[in-house]
Amino acid sequence: LEHRVAMENLTASISRTFLNSKPAVNDATVNEALSTVASFLKVPTAFVSEYSSDASTARLTHSWTAAGERSIANSAAELPIRTVAWWQLQLVHNNLIYIPDGSQLPPEAHQEREFIRSAQVGSILAVPMREGERVAGFIGIEANAPGRTFLVEDASLLRMLASIFRTALSHARSESDKAVLREQLAQSQKMEAVGKLSGGIAHDFNNMLLPIIGYTDMLLETLDDDDERANDLGEIRKAAGRAASLTRQLLAFSRKQVLSKDVFNINDCITNMEAMLRPIIGEDIDFDMSLASESLSVLADIGQIEQVVLNLVVNARDAMPVGGRIKVETGTRVGSDQAIRLIKDIERRENYVFVRVTDEGCGMDTELVAHIFEPFFTTKGLDGTGLGLSVVYGILEQHGGGVQVESEPDQGTAFTVFLPAVAARDVEAHEKAARDTDSPGGNGEHI
């Protein structure tokens, strides 16, 4: 009876601790509560592990360990669920994990036995934290010495605490999400102001480029092709063209860019970018291109598609800080291919052109992939703006295309973007219309 009263007092005390910590329960509060649990049960360690949203991994989010003691926390920062299948079955079906001695586990618990041996853990008792029928994680205690006997009352106490801890952690996550949204709103407002500024600068820059390009073109018309000065003027014209491309990116960022769609071969676009991409990638990364032999025509804004390819290649480079290999491939897919992931739910075209950028970098788990196209979401810390992939997503949406992501941790990443293909007959019709536009009728006067 005294033990039960003490258990009820403990749960009430921890509940009050979490209630008094509102509006936000922080990590220190949770760890302090775990310290109280460990002291009450006379164990050196108490911990909380939470599952990822897709329940593929269990991540140790909070723990308390007495000074100088070993702990599961030193080895279980994050575990794929598939590697601890026996542990998971015990948690779901028996509503309990009890391991008095890792060496005595059944043969089917090979992974768990190896883990406990390497972590030098003695005895473990854990119970699930549930959200309805879903197991959201577990709360547990451990003893360094094998053979430690836990009482039925110990498991009952952990089950009462599991509900309290889960409620507190859910509230903390909610408050954290609100803080993130507030930060994203502030960032969005700041980026909108930057966008307006960059848009104004881009327009002024364009005004300065106009006489540079115009006078250069007029001078080039007065010189013979073999004139040495023609080469110098040609370099000035190329530099002005690159500056004009920069203004297009600034205008696209500020949302003042009107798309200028034209029919072009995606292979030619990527080939022309090669000289620019290689210096950006660096010497420690191999860069391979495997472009389809046939012409792959699309109706798109070439500047925007160049930006898509550039963003994907730069991300691939950043995923391989110690070197590796980037491969760019092109090809076609029939519209009925279900592997084509279009952004808009629209009627599919007959054929699609794809550009695939593959790296051998750190890769991403399923939970991370689910967020990568969100504005301002970045894995690069202060070095990233979180706009690169959201810009890719927006450009492909405007062009009626799509994107597919394949990635696994430590296995690299592949981005495949899809654009509606232009049939050969449509290419010829478009080229004829362009020629007619360039050669209007009249008396030969020029404006």
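The values are calculated or read from the model by the stated rules, or taken from the named source; none is laboratory data. The structure presented is a predicted model; accordingly, all values stated were derived computationally and were not measured. Every residue, glycine among them, receives a Cβ derived from its backbone with ideal geometry; neighbour counts consider all protein chains shown. Protein only, heavy atoms only, side chains kept; ligands, DNA and RNA dropped before computing areas. Shrake-Rupley method; radii C 1.70, N 1.55, O 1.52, S 1.80 Å.
Could you grab me the full set of residues in segment 104-120 that are over 35 Å from the mean Cα position of the chain (by Cα) and open to solvent by less than 90 Å² (accessible area, probe 1.4 Å)?
105, 106
I need the full set of residues from segment 128-147 which are over 31 Å from the mean Cα position of the chain (by Cα) and either free of Cβ contacts under 8 Å to residues at least 60 places away in the same chain or not in a loop (DSSP other than H, G, I, E, B) (or both), in order please.
140, 141, 142, 143, 145, 146, 147
Is there any pair linking a residue in segment 405-416 that is in contact (Cβ under 8 Å) with a residue 24 or more places away in the chain and in a loop (DSSP other than H, G, I, E, B) to one that is buried (at least 16 other Cβ atoms within 10 Å of the Cβ) and among the charged types (D, E, K, R), with Cβ under 6 Å and at least six apart or on different chains, and which?
These pairs meet every condition: 409/365; 412/359; 412/360.
Quick test for you: out of 366, 330, pick the one residue that is buried (at least 17 other Cβ atoms within 10 Å of the Cβ), on the phi < 0 side of the Ramachandran plot and hydroxyl-bearing (Ser, Thr, Tyr). Steps first, please.
On the way: 366 fails: buried (at least 17 other Cβ atoms within 10 Å of the Cβ).
One residue alone meets the criteria, 330.
Being modelled with pLDDT of 85 or more and of a type in the set (Gly, Ala, Ser) is the filter here, so list the residues in segment 337-379 that pass it.
361, 363
Yes/no matrix, rows are residues, columns are (1) closer than 22 Å to residue 293 by Cα; (2) under 18 Å from the mean Cα position of the chain (by Cα):
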| site | (1), (2) |
| --- | --- |
| 309 | yes, yes |
| 330 | yes, no |
| 337 | yes, no |
| 341 | no, yes |
| 350 | yes, no |
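State which residue is nearest to residue 144 (Cα to Cα) when the search covers only segment 81-119 and only residues that are β-branched (Val, Ile, Thr) and modelled with pLDDT of 80 or more.
Here the answer is 99.
Residues that are small (Gly, Ala, Ser) and either open to solvent by 30 Å² or more (accessible area, probe 1.4 Å) or at pLDDT 90 or above (or both): which strands (runs of 3 or more DSSP E) entirely in segment 201-302 hold 1 or more of them?
285-290, 297-300
Of the residues that make up segment 283-297, is at least one in contact (Cβ under 8 Å) with a residue 12 or more places away in the chain and in contact with a Phe, Trp or Tyr (Cβ under 6 Å, 6 or more places away or on another chain)?
Scanning segment 283-297 turns up no residue that is in contact (Cβ under 8 Å) with a residue 12 or more places away in the chain and in contact with a Phe, Trp or Tyr (Cβ under 6 Å, 6 or more places away or on another chain).
Hey, can you tell me all the residues within segment 384-407 that are modelled with pLDDT of 90 or more and open to solvent by 40 Å² or more (accessible area, probe 1.4 Å)?
If the condition is that a residue be modelled with pLDDT of 90 or more and open to solvent by 40 Å² or more (accessible area, probe 1.4 Å), then 406 is the only one that fits.
Tally time: how many residues in segment 316-361 are farther than 18 Å from residue 372 by Cβ and part of a strand (DSSP E or B)?
14
So the check is Cβ under 8 Å with 6+ separation or different chains; which pairs have a first residue in segment 327-352 that's more than 22 Å from residue 394 (Cα to Cα) and a second one that's open to solvent by 90 Å² or more (accessible area, probe 1.4 Å)?
Correct list of pairs: 334/350.
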